[in-house]
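The values are calculated or read from the model by the stated rules, or taken from the named source; none is laboratory data. The model shown is predicted, which means the values in this text are computed figures rather than measured ones. Every residue, glycine as well, gets a Cβ built from its backbone with ideal geometry; the counts of neighbours run over all protein chains shown.
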Amino acid sequence: MLASTPWPPTPQPANGNLVPSRSPTMHELERAISDIAHAELPVLLIGEKGSGKETIARRIHQQYGGGDAPFLVVRCSERDAHFFRELFEDRAQAERERSGLSTTVFLDEVAELSVACQNALLKVLVDANGQGRAQRLGARMISSNSRNLEAEIRQERFREDLFYHLNGICLRVPPLRHRQEDIPCLLEFFLKKYAEALSREPVALQEKTMRALRGYSWPGNVRELEELAKKIVVSGEGVALAGLNANSSGSGPAESLSTMLSLKVAARNASRQVERELILKTLERTRWNRKRAARDLGISYKALLYKLKQIALDDATAT
């Protein structure tokens, strides 16, 4: 309800700067954003979930109203009709006029609006004579959707007249599998973002890992890629990719991930076996004097104790 969402809303970080793109489809979208950013028309963004529709909306808002202007995100599945009835009342209108800022209202997943919310929103957007009130409202309307709205209209789950009032300009956001050229720069951006946020060392992926990731279908789109980058920073490349491989199905790109992971596991196991034999031989030579063994091995005493526990655990697992 409006009481919990004051107007103007607390300005959120713009986050509207698109990561430099290499794909032709995104270049076309960026040109379209520049062309329509200042148009006094509502915008409808169509694209799969996780494809970056909110980022595109923020980019349009940034060019339209500036980074300090209010950007209000409305999660349509979480709102009731009362919210939309109060959204543009005179009190809110006066606050907008005092702020002097070009507000953007971003309706996330409009197909998830209930019938009551659709009716309330339509009354906000249309006057008694059926004319649009966008200019009087003093806010730019940007909507997004991942469903087929035409199909929703045919099945009478979405109002056709509301669709036309939201669909002033329609932009389609391509899924990540149609812009694979952008995966390396997106990954670099997200890896740096989470390394800085979590105070971790920067991560550089191997070229064979990058090749495998470019062949993956990315059903979760950019959102899935961002989550993978976070997992890589937190838990390492092998663990993160193992989770990705477990969620994939079919053959082709997933097989290359599987092969790569098998080689990683084999190399790690071989390394651990060599390490185990070296530690045990050194302990035998020093008659199990662990401090002397740690000195001869060039590691700390604490590190040797940890490795001995790991060897004991591996032996117990093997039996």
> Do we find a residue being free of Cβ contacts under 8 Å to residues at least 24 places away in the same chain and on the phi > 0 side of the Ramachandran plot anywhere in region 191-210?
Replying inline: yes
> What about Ile153, is it assigned by TED's automatic domain parsing to the domain that holds Gly47, surrounded by fewer than 19 Cβ atoms within 10 Å (Cβ to Cβ), in contact with a helix residue (DSSP H, G or I) (Cβ under 8 Å, 6 or more places away or on another chain) and in contact (Cβ under 8 Å) with a residue 60 or more places away in the chain?
Replying inline: no
>> Can you tell me how many residues within region 279-289 are exposed (fewer than 15 other Cβ atoms within 10 Å of the Cβ) and within 19 Å of Gln310 (Cβ to Cβ)?
In response: 4
>> Quick check on region 59-73: of everything there that is at pLDDT 80 or above and of a type outside the set (A, V, I, L, M), which residue is surrounded by the fewest Cβ atoms within 10 Å (Cβ to Cβ)?
In response: Gln63
> Going by the conditions given, is Arg200 closer than 16 Å to Met26 by Cβ and either surrounded by 15 or more Cβ atoms within 10 Å (Cβ to Cβ) or not assigned by TED's automatic domain parsing to the domain that holds Lys123 (or both)?
Replying inline: no
> From Arg59, Arg79, which residue is out of contact with any strand residue (DSSP E or B) (no Cβ under 6 Å at 6 or more places or on another chain) and over 25 Å from Arg31 (Cβ atoms)?
Replying inline: Arg79
>> I'd like the full set of residues that are under 12 Å from the mean Cα position of the chain (by Cα), not in a loop (DSSP other than H, G, I, E, B) and not hydrophobic (A, V, I, L, M, F, W, C), limited to region 214-232.
In response: Asn221, Arg223, Glu224, Glu226, Glu227, Lys230
> When region 38-48 is examined, which residues are found to be over 14 Å from Val105 (Cα atoms) and surrounded by 16 or more Cβ atoms within 10 Å (Cβ to Cβ)?
Replying inline: Ile46, Gly47, Glu48
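To keep it simple, each residue is scored yes or no on (1) more than 30 Å from the chain's Cα centre (by Cα); (2) at negative phi; (3) at pLDDT below 80; (4) polar (S, T, N, Q).
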| site | (1), (2), (3), (4) |
| --- | --- |
| Arg75 | no, yes, no, no |
| Arg98 | yes, yes, yes, no |
| Glu112 | no, yes, no, no |
| Gly138 | no, no, yes, no |
>> Being modelled with pLDDT under 90, polar (S, T, N, Q) and either surrounded by 14 or more Cβ atoms within 10 Å (Cβ to Cβ) or under 26 Å from His27 (Cα atoms) (or both) is the filter here; which residues of region 203-234 pass it?
In response: Thr209, Ser217
>> For region 22-64, give me the residue count where each residue is in contact (Cβ under 8 Å) with a residue 12 or more places away in the chain and assigned to a helix (DSSP H, G or I).
In response: 20
